[in-house]
Amino acid sequence: MNPAFIYEINPGRILFGPGKAQAVAEEIERLGAKRALILATPFQRADAQRLAERVGPLAAGVFSEAAMHTPVDVTLRALDAYRASDADCVVALGGGSTIGLGKAIAWRNGAPQIVVATTYAGSEVTPILGQTENGIKTTIRDPRILPEVVIYDPTLTVALPVPMSITSGLNAMAHAVEAVYARDRNPVSTLMAVEGVRALHDALPAITARPDDLDARTLALYGSWLCGSVLGTVGMSLHHKLCHTLGGSFDLAHAQTHAIMLPHSVAYNAPAAARELEPLAAFFGESIGSGLHEFARSLDAPLALKELGLQEAQLDLAADLAVKNPYWNPRPVEREAVRSLLQRAWEGARPE
Ligand code: NAD
(Lines give C-alpha, C1' and ligand atoms only; values in the text may rest on other atoms or scores of the structure.)
Protein backbone atom coordinates (compact mmCIF):
# COMPACT_ATOMS: atom_id res chain seq x y z
CA MET A 1 0.00 0.00 0.00
CA ASN A 2 0.95 3.64 -0.26
CA PRO A 3 2.67 4.43 3.06
CA ALA A 4 1.08 7.92 3.09
CA PHE A 5 -1.99 9.22 1.35
CA ILE A 6 -4.74 11.83 1.10
CA TYR A 7 -8.26 10.43 0.71
CA GLU A 8 -11.02 12.84 -0.30
CA ILE A 9 -14.34 11.07 0.14
CA ASN A 10 -17.21 12.14 -2.12
CA PRO A 11 -20.43 12.73 -0.20
CA GLY A 12 -23.61 11.15 -1.47
CA ARG A 13 -26.65 9.14 -0.47
CA ILE A 14 -26.83 5.66 -2.02
CA LEU A 15 -30.01 3.56 -2.09
CA PHE A 16 -29.25 0.04 -3.28
CA GLY A 17 -31.46 -2.98 -3.94
CA PRO A 18 -34.34 -4.45 -5.94
CA GLY A 19 -37.37 -2.15 -5.78
CA LYS A 20 -35.44 0.92 -4.56
CA ALA A 21 -36.55 2.93 -7.63
CA GLN A 22 -39.95 3.11 -5.91
CA ALA A 23 -38.36 5.61 -3.51
CA VAL A 24 -37.88 8.41 -6.06
CA ALA A 25 -40.86 10.47 -4.82
CA GLU A 26 -39.70 10.19 -1.22
CA GLU A 27 -36.18 11.21 -2.21
CA ILE A 28 -37.44 14.29 -4.11
CA GLU A 29 -39.27 15.39 -0.96
CA ARG A 30 -36.29 14.54 1.22
CA LEU A 31 -34.23 17.01 -0.83
CA GLY A 32 -36.83 19.65 -0.03
CA ALA A 33 -37.80 19.81 -3.70
CA LYS A 34 -41.28 19.91 -5.22
CA ARG A 35 -40.91 19.60 -8.99
CA ALA A 36 -38.50 17.24 -10.71
CA LEU A 37 -37.58 17.42 -14.38
CA ILE A 38 -37.11 13.78 -15.38
CA LEU A 39 -34.31 13.16 -17.86
CA ALA A 40 -33.80 10.26 -20.28
CA THR A 41 -32.52 9.36 -23.74
CA PRO A 42 -35.09 9.04 -26.54
CA PHE A 43 -34.73 5.25 -26.12
CA GLN A 44 -35.78 5.37 -22.45
CA ARG A 45 -38.51 7.99 -22.88
CA ALA A 46 -41.34 5.57 -22.08
CA ASP A 47 -39.56 4.51 -18.84
CA ALA A 48 -39.17 8.18 -17.89
CA GLN A 49 -42.85 8.82 -18.55
CA ARG A 50 -43.83 5.89 -16.36
CA LEU A 51 -41.60 7.27 -13.61
CA ALA A 52 -43.23 10.70 -14.02
CA GLU A 53 -46.66 9.11 -13.62
CA ARG A 54 -45.48 7.32 -10.49
CA VAL A 55 -44.19 10.47 -8.79
CA GLY A 56 -47.37 12.31 -9.83
CA PRO A 57 -47.46 15.99 -8.82
CA LEU A 58 -43.72 15.91 -7.99
CA ALA A 59 -42.93 15.58 -11.73
CA ALA A 60 -42.44 18.88 -13.59
CA GLY A 61 -42.07 17.07 -16.93
CA VAL A 62 -39.92 14.71 -19.00
CA PHE A 63 -36.99 15.82 -21.15
CA SER A 64 -35.81 12.88 -23.24
CA GLU A 65 -33.12 14.21 -25.55
CA ALA A 66 -30.03 13.06 -23.62
CA ALA A 67 -27.21 12.03 -25.98
CA MET A 68 -23.71 10.54 -25.78
CA HIS A 69 -20.89 12.94 -24.76
CA THR A 70 -23.32 15.58 -23.38
CA PRO A 71 -23.63 18.03 -26.31
CA VAL A 72 -23.97 21.60 -25.00
CA ASP A 73 -26.87 22.43 -27.36
CA VAL A 74 -28.93 19.64 -25.76
CA THR A 75 -28.04 20.98 -22.30
CA LEU A 76 -29.22 24.46 -23.28
CA ARG A 77 -32.57 23.07 -24.46
CA ALA A 78 -32.88 21.09 -21.22
CA LEU A 79 -32.20 24.27 -19.21
CA ASP A 80 -35.04 25.99 -21.12
CA ALA A 81 -37.33 23.05 -20.26
CA TYR A 82 -36.19 23.23 -16.61
CA ARG A 83 -37.08 26.94 -16.38
CA ALA A 84 -40.30 26.64 -18.40
CA SER A 85 -41.59 23.81 -16.22
CA ASP A 86 -40.63 25.59 -13.00
CA ALA A 87 -38.54 22.59 -11.92
CA ASP A 88 -36.40 22.67 -8.77
CA CYS A 89 -34.45 19.40 -9.17
CA VAL A 90 -33.59 16.78 -11.80
CA VAL A 91 -34.04 13.02 -11.83
CA ALA A 92 -31.75 11.30 -14.37
CA LEU A 93 -33.03 7.86 -15.34
CA GLY A 94 -30.44 6.03 -17.44
CA GLY A 95 -26.76 5.54 -18.13
CA GLY A 96 -23.80 7.89 -18.51
CA SER A 97 -25.42 9.96 -21.27
CA THR A 98 -28.50 10.87 -19.24
CA ILE A 99 -26.51 11.31 -16.05
CA GLY A 100 -24.16 13.63 -17.97
CA LEU A 101 -27.13 15.83 -18.91
CA GLY A 102 -28.25 16.03 -15.28
CA LYS A 103 -24.73 16.98 -14.23
CA ALA A 104 -24.49 19.61 -16.99
CA ILE A 105 -27.74 21.21 -15.73
CA ALA A 106 -26.62 21.09 -12.09
CA TRP A 107 -23.24 22.58 -12.90
CA ARG A 108 -24.97 25.57 -14.51
CA ASN A 109 -27.88 26.19 -12.14
CA GLY A 110 -27.13 24.22 -8.96
CA ALA A 111 -30.15 21.89 -9.38
CA PRO A 112 -30.08 19.00 -6.90
CA GLN A 113 -29.77 15.67 -8.69
CA ILE A 114 -31.25 12.25 -8.12
CA VAL A 115 -29.86 9.54 -10.38
CA VAL A 116 -31.50 6.22 -11.09
CA ALA A 117 -28.57 4.39 -12.73
CA THR A 118 -29.39 1.77 -15.37
CA THR A 119 -25.94 0.91 -16.81
CA TYR A 120 -22.59 0.07 -15.21
CA ALA A 121 -20.65 3.14 -16.47
CA GLY A 122 -20.28 4.68 -13.00
CA SER A 123 -20.80 8.38 -13.79
CA GLU A 124 -23.44 8.77 -11.04
CA VAL A 125 -20.80 8.72 -8.27
CA THR A 126 -18.22 11.05 -9.83
CA PRO A 127 -17.90 14.85 -9.70
CA ILE A 128 -16.79 14.75 -13.35
CA LEU A 129 -18.62 16.12 -16.40
CA GLY A 130 -17.44 15.59 -19.96
CA GLN A 131 -19.31 17.75 -22.47
CA THR A 132 -18.93 18.50 -26.17
CA GLU A 133 -19.25 21.72 -28.12
CA ASN A 134 -18.15 22.31 -31.73
CA GLY A 135 -16.67 18.83 -31.85
CA ILE A 136 -14.43 19.38 -28.82
CA LYS A 137 -14.87 17.41 -25.61
CA THR A 138 -13.84 19.09 -22.38
CA THR A 139 -13.85 17.66 -18.88
CA ILE A 140 -14.79 19.57 -15.74
CA ARG A 141 -14.35 18.40 -12.16
CA ASP A 142 -16.41 20.27 -9.57
CA PRO A 143 -18.20 19.26 -6.35
CA ARG A 144 -21.45 20.77 -7.75
CA ILE A 145 -21.41 18.09 -10.46
CA LEU A 146 -21.68 15.17 -8.02
CA PRO A 147 -25.28 13.87 -7.74
CA GLU A 148 -26.77 14.13 -4.23
CA VAL A 149 -28.73 10.87 -4.37
CA VAL A 150 -28.05 7.69 -6.35
CA ILE A 151 -30.56 4.87 -6.63
CA TYR A 152 -29.32 1.47 -7.79
CA ASP A 153 -32.26 -0.80 -8.54
CA PRO A 154 -31.07 -4.00 -10.24
CA THR A 155 -34.56 -4.77 -11.58
CA LEU A 156 -34.10 -1.81 -13.97
CA THR A 157 -30.94 -3.36 -15.42
CA VAL A 158 -32.53 -6.68 -16.39
CA ALA A 159 -33.57 -5.17 -19.75
CA LEU A 160 -30.07 -3.90 -20.49
CA PRO A 161 -29.17 -6.03 -23.54
CA VAL A 162 -26.41 -8.57 -22.88
CA PRO A 163 -23.83 -7.04 -25.29
CA MET A 164 -24.31 -3.62 -23.65
CA SER A 165 -24.19 -5.22 -20.18
CA ILE A 166 -20.85 -6.83 -21.02
CA THR A 167 -19.20 -3.76 -22.53
CA SER A 168 -20.60 -1.53 -19.79
CA GLY A 169 -19.31 -3.98 -17.15
CA LEU A 170 -15.85 -3.99 -18.76
CA ASN A 171 -16.02 -0.17 -18.85
CA ALA A 172 -16.60 -0.27 -15.08
CA MET A 173 -13.74 -2.73 -14.57
CA ALA A 174 -11.43 -0.37 -16.45
CA HIS A 175 -11.97 2.29 -13.76
CA ALA A 176 -11.01 -0.19 -11.05
CA VAL A 177 -7.99 -1.60 -12.88
CA GLU A 178 -6.53 1.88 -13.34
CA ALA A 179 -7.40 2.71 -9.73
CA VAL A 180 -5.18 -0.07 -8.33
CA TYR A 181 -2.10 1.55 -9.85
CA ALA A 182 -3.24 5.19 -9.53
CA ARG A 183 -0.56 7.47 -8.16
CA ASP A 184 -3.03 8.93 -5.63
CA ARG A 185 -4.57 5.60 -4.58
CA ASN A 186 -5.17 4.81 -0.93
CA PRO A 187 -5.90 1.56 0.93
CA VAL A 188 -9.67 2.12 0.75
CA SER A 189 -9.74 2.91 -2.98
CA THR A 190 -7.74 -0.28 -3.60
CA LEU A 191 -10.15 -2.36 -1.49
CA MET A 192 -13.09 -0.95 -3.44
CA ALA A 193 -11.38 -1.45 -6.79
CA VAL A 194 -10.45 -5.09 -6.18
CA GLU A 195 -13.90 -5.88 -4.80
CA GLY A 196 -15.51 -4.13 -7.79
CA VAL A 197 -13.47 -6.25 -10.22
CA ARG A 198 -14.35 -9.41 -8.26
CA ALA A 199 -18.07 -8.63 -8.40
CA LEU A 200 -18.07 -7.95 -12.15
CA HIS A 201 -15.77 -10.88 -12.86
CA ASP A 202 -18.33 -13.17 -11.22
CA ALA A 203 -21.46 -11.40 -12.48
CA LEU A 204 -20.79 -10.91 -16.21
CA PRO A 205 -20.54 -14.63 -17.17
CA ALA A 206 -23.73 -15.27 -15.18
CA ILE A 207 -25.54 -12.43 -17.00
CA THR A 208 -24.40 -13.83 -20.35
CA ALA A 209 -25.87 -17.21 -19.42
CA ARG A 210 -29.04 -15.85 -17.77
CA PRO A 211 -29.73 -12.17 -18.59
CA ASP A 212 -32.69 -12.01 -16.20
CA ASP A 213 -30.82 -13.50 -13.21
CA LEU A 214 -31.54 -10.85 -10.58
CA ASP A 215 -28.71 -12.02 -8.29
CA ALA A 216 -26.18 -11.61 -11.10
CA ARG A 217 -27.67 -8.22 -12.01
CA THR A 218 -27.44 -7.16 -8.37
CA LEU A 219 -23.81 -8.25 -8.14
CA ALA A 220 -22.93 -6.40 -11.35
CA LEU A 221 -24.58 -3.19 -10.17
CA TYR A 222 -22.79 -3.47 -6.82
CA GLY A 223 -19.50 -3.87 -8.72
CA SER A 224 -20.27 -0.90 -10.94
CA TRP A 225 -20.96 1.28 -7.89
CA LEU A 226 -17.55 0.39 -6.44
CA CYS A 227 -15.77 0.91 -9.76
CA GLY A 228 -17.52 4.25 -10.32
CA SER A 229 -16.63 5.34 -6.81
CA VAL A 230 -12.91 4.84 -7.40
CA LEU A 231 -13.19 6.66 -10.74
CA GLY A 232 -14.55 9.60 -8.74
CA THR A 233 -11.76 9.38 -6.16
CA VAL A 234 -8.39 8.69 -7.83
CA GLY A 235 -6.70 9.67 -11.07
CA MET A 236 -6.90 7.57 -14.23
CA SER A 237 -3.98 6.80 -16.57
CA LEU A 238 -3.13 5.72 -20.12
CA HIS A 239 -6.19 3.51 -20.63
CA HIS A 240 -8.62 6.37 -19.98
CA LYS A 241 -6.52 8.77 -22.06
CA LEU A 242 -6.62 6.33 -24.99
CA CYS A 243 -10.40 5.89 -24.66
CA HIS A 244 -11.02 9.64 -24.34
CA THR A 245 -8.94 10.17 -27.50
CA LEU A 246 -10.72 7.43 -29.46
CA GLY A 247 -14.16 8.56 -28.27
CA GLY A 248 -13.56 12.32 -28.48
CA SER A 249 -11.62 12.53 -31.76
CA PHE A 250 -12.90 9.50 -33.69
CA ASP A 251 -16.40 9.25 -32.24
CA LEU A 252 -16.02 5.59 -31.23
CA ALA A 253 -18.71 4.16 -28.94
CA HIS A 254 -17.79 4.67 -25.29
CA ALA A 255 -18.31 1.32 -23.56
CA GLN A 256 -17.15 -0.79 -26.52
CA THR A 257 -13.93 1.22 -26.80
CA HIS A 258 -13.19 0.64 -23.12
CA ALA A 259 -13.91 -3.06 -23.51
CA ILE A 260 -11.51 -3.42 -26.44
CA MET A 261 -8.70 -1.27 -25.05
CA LEU A 262 -8.54 -2.54 -21.47
CA PRO A 263 -6.48 -5.73 -22.03
CA HIS A 264 -3.98 -3.77 -24.15
CA SER A 265 -3.61 -0.85 -21.75
CA VAL A 266 -3.12 -3.21 -18.82
CA ALA A 267 -0.53 -5.24 -20.74
CA TYR A 268 1.30 -1.98 -21.48
CA ASN A 269 1.36 -0.96 -17.83
CA ALA A 270 1.83 -4.38 -16.23
CA PRO A 271 5.66 -4.38 -16.22
CA ALA A 272 5.67 -1.06 -14.33
CA ALA A 273 2.81 -1.90 -11.94
CA ALA A 274 3.28 -5.62 -11.30
CA ARG A 275 3.00 -5.32 -7.52
CA GLU A 276 -0.11 -3.11 -7.64
CA LEU A 277 -1.86 -5.41 -10.14
CA GLU A 278 -1.04 -8.53 -8.10
CA PRO A 279 -4.49 -8.71 -6.36
CA LEU A 280 -6.14 -8.98 -9.80
CA ALA A 281 -4.14 -12.12 -10.68
CA ALA A 282 -6.71 -14.09 -8.70
CA PHE A 283 -9.24 -13.29 -11.46
CA PHE A 284 -7.15 -13.05 -14.62
CA GLY A 285 -3.95 -15.00 -13.94
CA GLU A 286 -0.40 -13.67 -13.74
CA SER A 287 -0.55 -12.19 -17.25
CA ILE A 288 -3.43 -9.81 -16.63
CA GLY A 289 -3.64 -8.35 -20.15
CA SER A 290 -3.95 -11.81 -21.71
CA GLY A 291 -6.31 -12.93 -18.97
CA LEU A 292 -8.60 -9.95 -19.59
CA HIS A 293 -8.47 -10.60 -23.34
CA GLU A 294 -9.60 -14.20 -22.78
CA PHE A 295 -12.29 -13.06 -20.33
CA ALA A 296 -13.66 -10.57 -22.89
CA ARG A 297 -13.52 -13.21 -25.64
CA SER A 298 -15.43 -15.70 -23.46
CA LEU A 299 -18.18 -13.07 -23.08
CA ASP A 300 -18.35 -12.37 -26.84
CA ALA A 301 -17.25 -8.78 -26.24
CA PRO A 302 -15.90 -6.84 -29.23
CA LEU A 303 -12.12 -7.33 -29.47
CA ALA A 304 -11.03 -5.12 -32.38
CA LEU A 305 -11.19 -1.36 -32.94
CA LYS A 306 -11.79 -2.02 -36.64
CA GLU A 307 -15.17 -3.48 -35.63
CA LEU A 308 -16.11 -0.01 -34.33
CA GLY A 309 -15.38 1.65 -37.67
CA LEU A 310 -11.89 3.05 -36.99
CA GLN A 311 -9.72 3.02 -40.12
CA GLU A 312 -6.18 1.64 -39.98
CA ALA A 313 -4.98 4.89 -41.58
CA GLN A 314 -6.25 6.77 -38.49
CA LEU A 315 -3.97 4.90 -36.06
CA ASP A 316 -1.01 7.26 -36.51
CA LEU A 317 -3.12 10.28 -35.63
CA ALA A 318 -4.69 8.40 -32.71
CA ALA A 319 -1.22 7.60 -31.34
CA ASP A 320 -0.10 11.24 -31.76
CA LEU A 321 -3.17 12.54 -29.91
CA ALA A 322 -3.00 9.90 -27.18
CA VAL A 323 0.57 10.79 -26.19
CA LYS A 324 -0.12 14.55 -26.16
CA ASN A 325 -0.69 15.97 -22.65
CA PRO A 326 -0.57 12.45 -21.15
CA TYR A 327 -2.22 11.64 -17.84
CA TRP A 328 0.19 10.38 -15.18
CA ASN A 329 1.00 6.74 -15.99
CA PRO A 330 3.01 4.08 -14.17
CA ARG A 331 5.05 3.37 -17.33
CA PRO A 332 6.41 6.22 -19.44
CA VAL A 333 4.07 6.91 -22.36
CA GLU A 334 6.15 6.25 -25.49
CA ARG A 335 4.73 7.08 -28.89
CA GLU A 336 6.02 4.02 -30.76
CA ALA A 337 4.91 1.57 -28.06
CA VAL A 338 1.46 3.23 -27.96
CA ARG A 339 1.24 3.04 -31.77
CA SER A 340 1.97 -0.68 -31.68
CA LEU A 341 -0.55 -1.19 -28.83
CA LEU A 342 -3.17 0.55 -30.99
CA GLN A 343 -2.29 -1.65 -33.96
CA ARG A 344 -2.91 -4.80 -31.92
CA ALA A 345 -6.15 -3.39 -30.52
CA TRP A 346 -7.27 -2.45 -34.03
CA GLU A 347 -6.63 -5.98 -35.27
CA GLY A 348 -8.10 -7.66 -32.22
CA ALA A 349 -4.80 -9.47 -31.56
CA ARG A 350 -3.80 -10.72 -28.12
CA PRO A 351 -2.09 -8.01 -26.09
CA GLU A 352 1.70 -8.23 -25.98
P1 NAD B 1 -25.56 5.47 -22.44
O2 NAD B 1 -26.03 6.21 -21.26
O3 NAD B 1 -25.25 6.26 -23.68
O4 NAD B 1 -26.64 4.34 -22.79
C5 NAD B 1 -26.56 3.63 -24.02
C6 NAD B 1 -27.97 3.28 -24.50
O7 NAD B 1 -28.53 2.28 -23.64
C8 NAD B 1 -28.92 4.47 -24.44
O9 NAD B 1 -29.78 4.44 -25.54
C10 NAD B 1 -29.71 4.22 -23.16
O11 NAD B 1 -30.96 4.83 -23.17
C12 NAD B 1 -29.79 2.71 -23.16
N13 NAD B 1 -29.98 2.12 -21.83
C14 NAD B 1 -29.42 2.52 -20.67
N15 NAD B 1 -29.80 1.72 -19.66
C16 NAD B 1 -30.65 0.80 -20.18
C17 NAD B 1 -31.36 -0.30 -19.64
N18 NAD B 1 -31.26 -0.65 -18.36
N19 NAD B 1 -32.12 -1.04 -20.48
C20 NAD B 1 -32.19 -0.75 -21.80
N21 NAD B 1 -31.50 0.28 -22.38
C22 NAD B 1 -30.76 1.05 -21.58
O23 NAD B 1 -24.26 4.57 -22.14
P24 NAD B 1 -23.21 4.59 -20.95
O25 NAD B 1 -22.11 3.71 -21.41
O26 NAD B 1 -23.84 4.32 -19.65
O27 NAD B 1 -22.70 6.09 -20.89
C28 NAD B 1 -21.75 6.59 -21.81
C29 NAD B 1 -21.55 8.07 -21.56
O30 NAD B 1 -21.28 8.32 -20.21
C31 NAD B 1 -20.37 8.65 -22.35
O32 NAD B 1 -20.74 9.92 -22.85
C33 NAD B 1 -19.29 8.78 -21.30
O34 NAD B 1 -18.36 9.79 -21.60
C35 NAD B 1 -20.10 9.08 -20.06
N36 NAD B 1 -19.43 8.67 -18.79
C37 NAD B 1 -19.09 9.66 -17.93
C38 NAD B 1 -18.48 9.35 -16.73
C39 NAD B 1 -18.13 10.44 -15.76
O40 NAD B 1 -17.71 10.18 -14.66
N41 NAD B 1 -18.29 11.69 -16.14
C42 NAD B 1 -18.24 8.01 -16.39
C43 NAD B 1 -18.61 7.02 -17.28
C44 NAD B 1 -19.21 7.36 -18.51
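Structure notes:
- Comparing Gly130, Gly223, Gly110 in a Gaussian network model of the chain (Cα springs below 10 Å), the most mobile by mean-square fluctuation is Gly110.
- Cα centroid separation - region 242-320 against region 85-152, whole Å: 26 Å
- Residue with peak Gaussian network fluctuation, the chain [Cα springs, cutoff 10 Å], from Leu292, Leu204, Leu191: Leu191
- The chain: C-alpha gyration tensor shape, a/c 1.5 cut-off, then a/b vs b/c: prolate
- Measuring only protein heavy atoms, the 1.4 Å probe finds Asp80 accessible over about 80 Å².
- Counted without the sites themselves, the longest stretch of the chain free of trypsin sites (Lys or Arg not before Pro) in a DSSP loop having at most 14 other beta carbon atoms within 10 Å is 35-182.
- Helix 335-347 axis, angle to the chain major axis (alpha carbon atoms, nearest 10°): 70 degrees
- Surface analysis of the chain yields an accessible area of 41 Å² per residue, using protein heavy atoms and a 1.4 Å probe.
- Three-way shape call for region 55-119 based on the alpha-carbon gyration tensor, with the a/c threshold at 1.5: oblate
- Full extension of the chain segment joining Asn109 with Arg210 gains 32.1 nm, where the gain is 0.36 nm per residue of separation less the Cα-Cα distance.
- Protection proxy ranking, peptides 84-95, 255-266, average beta carbon neighbours within 10 Å, highest first: 255-266, 84-95
- Ranking Ile128, Ile166 from most to least accessible surface, computed with a 1.4 Å probe over the protein chains only, gives Ile128, Ile166.
- Only DSSP H runs of four or more residues enter the estimate; each adds -39500 (n - 2.57), and after division by the residues of the chain the mean residue ellipticity at 222 nm equals -15500 deg cm²/dmol.
- Checking the cross-link pairs Lys20/Lys241; Lys137/Lys324; Lys137/Lys306; Lys241/Lys306 against a 25 Å limit on the alpha carbon distance flags Lys20/Lys241 as lying beyond it.
The values are calculated or read from the model by the stated rules, or taken from the named source; none is laboratory data. Values in this document were obtained by computation on a predicted structure and should not be read as measured data. Quick reminder, even Gly has a Cβ in these numbers, built from the backbone with ideal geometry, and neighbours come from all protein chains shown. These accessible areas exclude ligands, DNA and RNA; they are computed on the full protein's heavy atoms, side chains included. Shrake-Rupley method; radii C 1.70, N 1.55, O 1.52, S 1.80 Å.
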